[in-house]
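K.L.:
Encoded as structure tokens, here's the structure I'll be asking about.
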Amino acid sequence: MTEHREKHLVYRAGLVPYIVESDGTIRMMFMRPSNYEYGTFTYQLAKGKVEDDDETFYDAAIREAKEELGLFVGNIIKTEEVGNFMGRTMVYVSKVKNKDMFGAYSDETDSTTWMTLDEFMDRGRDLHKPVVQSVYRTIMKMENSD
């Protein structure tokens, strides 16, 4: 993974966990904010601000996924950088071992859910749809490289 330190441009980071089910279906995990201030009441990727100059984008993405999704780092198999979106958000994708191995999430999150790409395109936040399409392309590359 490449760590970009362009804090004046990129100041947020996000992560999308995914799992490949036994039938080959790829599902990604998203959150719905509990407050409209956090970005509408539709499902979206877990993301947030990089908190200080010492926090890497990857570390911020993991922290936000812990807070907003209940991600356990021990559940991660591998992670790839997807890229910088909207000029401000570095996005990562992580393959996880078990979709039930997630803990409690913060009060910023109303609920979480697992979705296929088509389900997200139907019910997800419009602003994040191009990001999630890129996440899915990265997942396909990750799965085809194994």
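The values are calculated or read from the model by the stated rules, or taken from the named source; none is laboratory data. Keep in mind that this is a model prediction, so the values were computed, not measured. For neighbour counting, all protein chains shown are included, and Cβ atoms are generated from backbone atoms with ideal geometry for every residue, glycine included. Surface accessibility is based on the protein's heavy atoms, side chains included, excluding ligands, DNA and RNA. Shrake-Rupley method; radii C 1.70, N 1.55, O 1.52, S 1.80 Å.
K.L.:
Which members of region 136-146 meet the condition of being out of contact with any helix residue (DSSP H, G or I) (no Cβ under 6 Å at 6 or more places or on another chain) and either within 17 Å of R88 (Cα to Cα) or assigned to a helix (DSSP H, G or I) (or both)? Let's see the steps before the verdict.
P.N.:
Filtering region 136-146 for residues out of contact with any helix residue (DSSP H, G or I) (no Cβ under 6 Å at 6 or more places or on another chain) gives 137-146.
Passing the criteria: R137, T138, I139, M140, K141, M142, E143, N144.
K.L.:
Within region 136-146, how many residues turn out to be closer than 17 Å to V82 by Cβ and exposed (fewer than 14 other Cβ atoms within 10 Å of the Cβ)?
P.N.:
In the first step, residues of region 136-146 are kept if they are closer than 17 Å to V82 by Cβ; the result is 136-145.
Right, trim to exposed (fewer than 14 other Cβ atoms within 10 Å of the Cβ) and you get 137, 140-141, 143-145.
Residues that pass the stated criteria total 6.
K.L.:
Show the residue pairs that are 6+ apart or on different chains and have beta-carbon atoms under 6 Å apart, the first residue being within region 11-26 and within 19 Å of D100 (Cβ to Cβ), the second being in a loop (DSSP other than H, G, I, E, B) and open to solvent by 50 Å² or more (accessible area, probe 1.4 Å).
P.N.:
Correct list of pairs: I19/K99.
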